[in-house]
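See structure below.
The values are calculated or read from the model by the stated rules, or taken from the named source; none is laboratory data. Not measured: the values here are computed from a predicted model. Glycine also receives a Cβ, built like all others from the backbone with ideal geometry; neighbour counts cover every protein chain displayed.
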Amino acid sequence: MKIALIAHDGKKAEMVTFMRDHFDLLKKNEINLIATGTTGKHVESAGLQVTKVKSGPLGGDAQIAAEVAEGKIQAVFFFRDPLDKHPHEPDIAMLMRVCDVYNIPLATNPATASLIFGSLERDTLI
């Protein structure tokens, strides 16, 4: 299983904390991580292995969306900052639409990501 990680600047620390808190579950379920560039650097610094693509504004969101469309990603954790403007909003909307088209779980906050991980513990994801 592969999960994509993306976090706006104001949510990167929250993503790192969330992933650290679920480290055992990641290992137990042999989950591979892929992340946009800067988010990936932060997650790596927390001691997790992650494949990095370009940063979001440079096309990373589109790279993740392409892997979703190819069936290579089973869930997307995109911790968004709803109170800030983002110059690459069209890419963000496109990624979210692709997740909807391909019926891929999309968590935009830690509460929803926890529910997805909870389904892994019950072996019911996808």
I need the full set of residues from segment 80-126 which are farther than 20 Å from D21 by Cβ and among the polar types (S, T, N, Q), in order please. N103, T124
Looking for something modelled with pLDDT of 95 or more and under 24 Å from V101 (Cα atoms) - is there at least one such residue anywhere in segment 10-26? no
Which numbered condition trips up E89, out of (1) among the acidic types (D, E); (2) under 11 Å from the mean Cα position of the chain (by Cα); (3) exposed (fewer than 13 other Cβ atoms within 10 Å of the Cβ)? (2)
Pull up segment 9-36, narrow it to residues that are of a type in the set (S, T, N, Q) and either touching a Leu at 6+ places or on another chain (Cβ under 6 Å) or part of a helix (DSSP H, G or I) (or both), then point me to the one that is farthest from K85 (Cα to Cα). N29
Hey, E14 acidic (D, E) and on the phi > 0 side of the Ramachandran plot or not: no
Which of the helices (runs of 4 or more DSSP H) contained wholly in segment 37-126 include at least 1 residues that are aromatic (F, W, Y) and modelled with pLDDT under 95? 110-121
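Condition check ((1) in contact (Cβ under 8 Å) with a residue 60 or more places away in the chain; (2) over 12 Å from the mean Cα position of the chain (by Cα); (3) crowded, with 17+ Cβ neighbours inside 10 Å) across all residues:
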| site | (1), (2), (3) |
| --- | --- |
| H8 | yes, no, yes |
| A13 | no, yes, no |
| F23 | no, yes, no |
| K28 | no, yes, no |
| T51 | no, no, no |
| G56 | no, no, yes |
| E70 | no, yes, no |
| F79 | yes, no, yes |
Across segment 107-118, what is the total count of residues that are of a type in the set (G, A, S) and either touching a Pro at 6+ places or on another chain (Cβ under 8 Å) or within 16 Å of A4 (Cα to Cα) (or both)? 3
